[in-house]
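Notes to accompany the following structure.
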Amino acid sequence: MQQVNLGIIGGGTVGSGVYEALARNGSLLASRIGANVKVHRVAVRDLKKKRATAIPASLLTTDWREVVFDPNVQLIAELIGGTTTAREIILAALKLGKPVVTANKALLSAHGEELFAAAKKYGTNLYYEASVCGGIPIIKSLREGFVGNRINALYGIVNGTCNYILTRMKLEGADFGAVLADAQKLGYAETPPDLDIDGHDAAHKIGILASLAHGFWVKPKKVFVDGIRHVSALDIKYAGELGYTIKLIGTVKKSENSSRVQVSVYPTLVPNSHVLASVNGVFNAVFVRGDIVGDSLFYGRGAGKDATASSVLSDIGDAVLDLKTGIKNRLPAFVPHERAGAVAPISEVVSQYFVRLNVVDKPGVLAKIATIFGQANIGISSVIQPEGEEGESVPLIFMLHYATNGVAAKALAKIANLPTVKGKPVMIRVENFE
Ligand code: NAP
Ligand code: HSE
């Protein structure tokens, strides 16, 4: 049987997962793809580091060049993360005509176009299933399964760390910091974890999915991002009373009669009756609405060693098959097809809203706030005001009908200036998946 020698750069959570998965299922993979994949070298940063996975010392090196430039290595897996050395590694491998598998969404999001162009120029390919949603084969599904559909909407829980934190805050009333530390211990979080909790990791992933769905590369700075740092136990509680669960949702939505696409990541109130509300823990889910297929749902583990290794193995399988058949561009890494497409600025995006204010409980306060919403032509669909002592500060919660983000932000700024409103208003968007 033909043998393909694999060079792995990175022996951390994902790299060690790939090493273990190949040790466990390598012969199964070989029988399915008709070639044996052998790990030839592994580059790490620190040879002395104690590793849970015993990668033989004879395979290890601290110099990635020894792996990439080794003439006996035919396929490279870049699994170190970051956007500097990882970019250098991938470009060097592609230049040698060696296919590369990567899980690096930050790098793809920032430099995807350059890397895809290099793969094309040097007659090879770049594979990136593991970059979005851990073990869920969403890249393959968009590129192959839905190739005949226009993707009218896509909603995703695409960050395992945030979903793990929000789930434990809701179900156990757990403290944000303690749950984040657990997510780090479990190998879910990025380094630094700010990438997760401030929404940037989800933005990288949703940008990649938007690019595949709409055929123009969505640069990271075009994605509107708001993370979960400010989501409080109070918001989770009141959202629950209204029949909603707060999730960090990535949205890709094209409005009718417009070439502009909403591409955003923000905490969102999801109705408890919707399937995304019950996606818990480290699980991810992507809800895709195609014009031919209708609604589809993908669900699975979004982070962690084994789930991510499963997607890396899928790419290794594809890369080996392409190497075997000598087909360079059966499915290029990215196919541009809507060059006139553009991302809609958030001020133009229409949403519904949950607003939580802290107000002094005295006559006329509610009327003044309702007047400001009314003047902005924003309808109120419900109000909660828990009973409090007159003259004291109490929470006041509104559910608002559709308005553009621009109009809603202006109305909230006016409300924030009222002397009876204490502290910064909280505004969380609501999605009813209509
Ligand atoms: P990690 O646990 O921090 O591992 C990074 C590995 O890269 C370590 O083994 C480190 O060596 C090695 N490394 C760093 N710089 C290097 C260099 N210059 N030369 C050689 N080796 C170097 O990270 P990870 O969680 O495995 O993530 C890797 C990639 O997968 C990232 O792009 C991440 O976004 C992506 N990803 C992660 C997950 C997940 O659940 N963790 C899921 C999907 C995608 P030492 O071990 O010696 O420090
Ligand atoms: N830090 C990422 C997450 C890893 O929590 O989803 C998977 O991409």
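The values are calculated or read from the model by the stated rules, or taken from the named source; none is laboratory data. From a predicted model like this one, the values you see are computed outputs, not experimental measurements. Please note: Cβ atoms are built from the backbone with ideal geometry, for glycine as well, and neighbour counts cover all protein chains shown.
Of the residues Gly199, Gly173, Gly187, which is within 9 Å of ligand 2 (Cβ to nearest atom) and on the phi > 0 side of the Ramachandran plot? I'd like the intermediate steps shown before the answer.
Numbers: Gly199 fails: within 9 Å of ligand 2 (Cβ to nearest atom); Gly173 fails: within 9 Å of ligand 2 (Cβ to nearest atom).
Of Gly199, Gly173, Gly187, the one residue that is within 9 Å of ligand 2 (Cβ to nearest atom) and on the phi > 0 side of the Ramachandran plot is Gly187.
Listed residues Thr325, Thr268; which is more than 16 Å from ligand 1 (Cβ to nearest atom) and touching a residue at least 12 places away in the same chain (Cβ under 8 Å)?
Thr268 is the lone residue from the list that is more than 16 Å from ligand 1 (Cβ to nearest atom) and touching a residue at least 12 places away in the same chain (Cβ under 8 Å).
Which of the following residues is over 14 Å from Tyr155 (Cβ atoms), assigned to a loop (DSSP other than H, G, I, E, B) and not aliphatic (A, V, I, L, M): Ser273, Ser314? Talk me through it step by step, then tell me what you get.
Values: Ser314 fails: assigned to a loop (DSSP other than H, G, I, E, B).
Checking each option against the conditions leaves just Ser273.
With the checklist (1) among the aliphatic types (A, V, I, L, M); (2) part of a loop (DSSP other than H, G, I, E, B); (3) under 29 Å from the mean Cα position of the chain (by Cα) in hand, flag the one item Leu418 doesn't pass.
So the condition that Leu418 fails would be (3).
Just to be sure I understand, how many residues within the stretch 69-110 are of a type in the set (S, T, N, Q), more than 23 Å from Gln2 (Cβ to Cβ) and more than 16 Å from ligand 2 (Cβ to nearest atom)?
2
Regarding Asn125, is this residue over 14 Å from Ser211 (Cα atoms) and either within 12 Å of ligand 2 (Cβ to nearest atom) or touching an Asp or Glu at 6+ places or on another chain (Cβ under 8 Å) (or both)?
Yes: the conditions hold for Asn125.
Would you pick out the residues in the stretch 52-65 that are more than 18 Å from Leu6 (Cβ to Cβ) and either touching a helix residue (DSSP H, G or I) at 6+ places or on another chain (Cβ under 8 Å) or charged (D, E, K, R) (or both)?
Once the filter is applied, which keeps residues that are more than 18 Å from Leu6 (Cβ to Cβ) and either touching a helix residue (DSSP H, G or I) at 6+ places or on another chain (Cβ under 8 Å) or charged (D, E, K, R) (or both), the stretch 52-65 yields only Ala52.
Is the stretch 303-311 home to any residue that is at pLDDT below 95, part of a loop (DSSP other than H, G, I, E, B) and touching a Phe, Trp or Tyr at 6+ places or on another chain (Cβ under 7 Å)?
Yes - at least one qualifying residue is present in the stretch 303-311.
Does Ile397 satisfy the condition of being out of contact with any strand residue (DSSP E or B) (no Cβ under 7 Å at 6 or more places or on another chain), touching a residue at least 24 places away in the same chain (Cβ under 8 Å), more than 30 Å from Lys222 (Cβ to Cβ) and crowded, with 16+ Cβ neighbours inside 10 Å?
No.
Just for the stretch 101-118: of the residues that are touching a strand residue (DSSP E or B) at 6+ places or on another chain (Cβ under 6 Å) and in contact (Cβ under 8 Å) with a residue 60 or more places away in the chain, which one is farthest from ligand 1 (Cβ to nearest atom)?
Taking the candidates together, the pick is Leu115.
For residues in the stretch 286-302 being in a strand (DSSP E or B) and within 16 Å of ligand 1 (Cβ to nearest atom), which is nearest to Ile165 (Cα to Cα)?
Once the filter is applied, the top-ranked residue is Arg301.
Within the set of pairs 6 or more residues apart or between chains, which connect a residue that is farther than 16 Å from Ile80 by Cα and outside the structural domain of Ile80 (by TED's automatic domain parsing) inside the stretch 42-66 to a residue that is within 9 Å of ligand 1 (Cβ to nearest atom) and in a loop (DSSP other than H, G, I, E, B) with Cβ atoms less than 6 Å apart?
No pair meets every condition.
What is the one condition in (1) surrounded by 14 or more Cβ atoms within 10 Å (Cβ to Cβ); (2) free of Cβ contacts under 8 Å to residues at least 12 places away in the same chain; (3) among the basic types (Lys, Arg) that Lys424 does not satisfy?
Result: Lys424 fails condition (1) only.
Taking Arg150 as meeting all but one of (1) crowded, with 20+ Cβ neighbours inside 10 Å; (2) in contact with a helix residue (DSSP H, G or I) (Cβ under 9 Å, 6 or more places away or on another chain), write down the number of the exception.
(1)
Report yes if some residue within the stretch 336-346 is more than 22 Å from the chain's Cα centre (by Cα), surrounded by fewer than 16 Cβ atoms within 10 Å (Cβ to Cβ) and without any contact (Cβ under 8 Å) to a residue 24 or more places away in the chain; otherwise report no. Spell out the reasoning first.
The first filter runs over the stretch 336-346 and keeps only residues more than 22 Å from the chain's Cα centre (by Cα), leaving 337-340.
After this cut, where a residue has to be surrounded by fewer than 16 Cβ atoms within 10 Å (Cβ to Cβ) as well, the list is 337-340.
Now restrict to residues that are without any contact (Cβ under 8 Å) to a residue 24 or more places away in the chain: none.
No, because not a single residue in the stretch 336-346 is more than 22 Å from the chain's Cα centre (by Cα), surrounded by fewer than 16 Cβ atoms within 10 Å (Cβ to Cβ) and without any contact (Cβ under 8 Å) to a residue 24 or more places away in the chain.
What's the number of the only condition in (1) assigned to a loop (DSSP other than H, G, I, E, B); (2) among the hydrophobic types (A, V, I, L, M, F, W, C); (3) more than 20 Å from His214 (Cα to Cα) that Leu366 fails to meet?
Among (1) assigned to a loop (DSSP other than H, G, I, E, B); (2) among the hydrophobic types (A, V, I, L, M, F, W, C); (3) more than 20 Å from His214 (Cα to Cα), Leu366 violates only (1).
Quick test of your reading of the structure: Pro192 fulfils all but one of (1) away from ligand 1 (no atom under 14 Å from the Cβ); (2) surrounded by fewer than 21 Cβ atoms within 10 Å (Cβ to Cβ). Name the failing condition by number.
Here Pro192 clears every test but (1).
Would you check if Lys410 is without any contact (Cβ under 8 Å) to a residue 24 or more places away in the chain and basic (Lys, Arg)?
No, not satisfied.
Checking Val223 against (1) touching a strand residue (DSSP E or B) at 6+ places or on another chain (Cβ under 8 Å); (2) modelled with pLDDT under 95: exactly one of these is not met. Which one?
(2)
For the stretch 1-87, which strands (runs of 3 or more DSSP E) that fit wholly inside it have 1 or more residues that are surrounded by fewer than 17 Cβ atoms within 10 Å (Cβ to Cβ)?
Numbers: elements: 2-9, 35-43, 75-78.
The strands (runs of 3 or more DSSP E) meeting that bar are 2-9, 35-43.
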